[in-house]
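Reviewing the structure listed below.
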Amino acid sequence: MRVFLTGFMGSGKSFVGRRLASLRGLPFIDLDDYLEQRTGITIAEIFEKHGEAHFRQLETDLLQKFDRLPMFVMATGGGTPCFHANMDWMNQHGVTVFLDPDEEIIERRLRSERAKRPLLHGDAELAGLIKSKLDERRPCYEKAAYHVRQTNPRQDVVRSISTHLQLLDASVSHD
């Protein structure tokens, strides 16, 4: 089974992905890390040197190469599902999960990472920037097959997703 974790930056995709992959005995792929390894430069540098459109195309090209691997857990980039029909592609090639923590949780997580995240650069107030960007992307994220709402930072999101995947596995094996 291919599992694609989607959601806004700071939603916990990499954190949850590593633990979920370990729990299910699957390889873990962080698409942003993979892209940086393949290009030899950071995402921030790609944005700066080549622009967002170039980055989004690279991201899509790499994402779609994973149709050859049968099983993994992937943490996508925050914008990955919202460009080049990537969410539709992921829905056709695996199970998509939208990690949806409260905006306050996201803000707390992103406060110290602003310099590393190109879309957060600038002087705009962080909470307002998160809200506007999240509102813009939410319709895309909500196309995911499974939606995990997180209102408490200590909520066991990994167990919730794993239980859902076990139910999917059971229903597929009975068909």
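Only the coordinates and a few stated rules stand behind these numbers; no lab work does. Every value quoted in this text rests on a predicted model; they were computed, and no experiment measured them. So basically every Cβ, Gly included, is an ideal-geometry build from the backbone, and we count neighbours across all protein chains shown.
When each of H54, H93 is scored by the number of other beta-carbon atoms lying within 10 Å, the sequence from fewest to most is H54, H93.
Taking Cβ atoms as reference points and 14 Å as the exclusive limit, the residues near A144 contribute a net charge of +3, counting Lys and Arg as +1 and Asp and Glu as -1. In the chain, the inverse of the mean reciprocal separation of distinct Cα atoms equals 16.6 Å; this is its Kirkwood hydrodynamic radius.
Using Cβ counts within 10 Å as a stand-in for footprinting exposure, how do M74, M87 rank, fewest first?
The fewest-first ordering by Cβ neighbours comes to M87, M74.
Report, in listed order, any pair from K13/K133; K116/K143; K49/K116; K65/K133; K13/K49; K13/K143 with a Cα-Cα distance greater than 23 Å. Table pairs above 23 Å Cα-Cα are K116/K143; K65/K133; K13/K49. Every Cα-Cα pair of region 37-84 was included, and the share exceeding 12 Å stands at 67 percent.
Got the relative contact order for the chain handy, in percent, Cα pairs under 8 Å and 6 or more residues apart?
32 percent.
Measure nothing fancy, just the Cα-based angle from helix 52-65's long axis to the longest principal axis of the chain, in degrees from 0 to 90, nearest 10. Taking Cα atoms only, the helix is inclined about 20 degrees.
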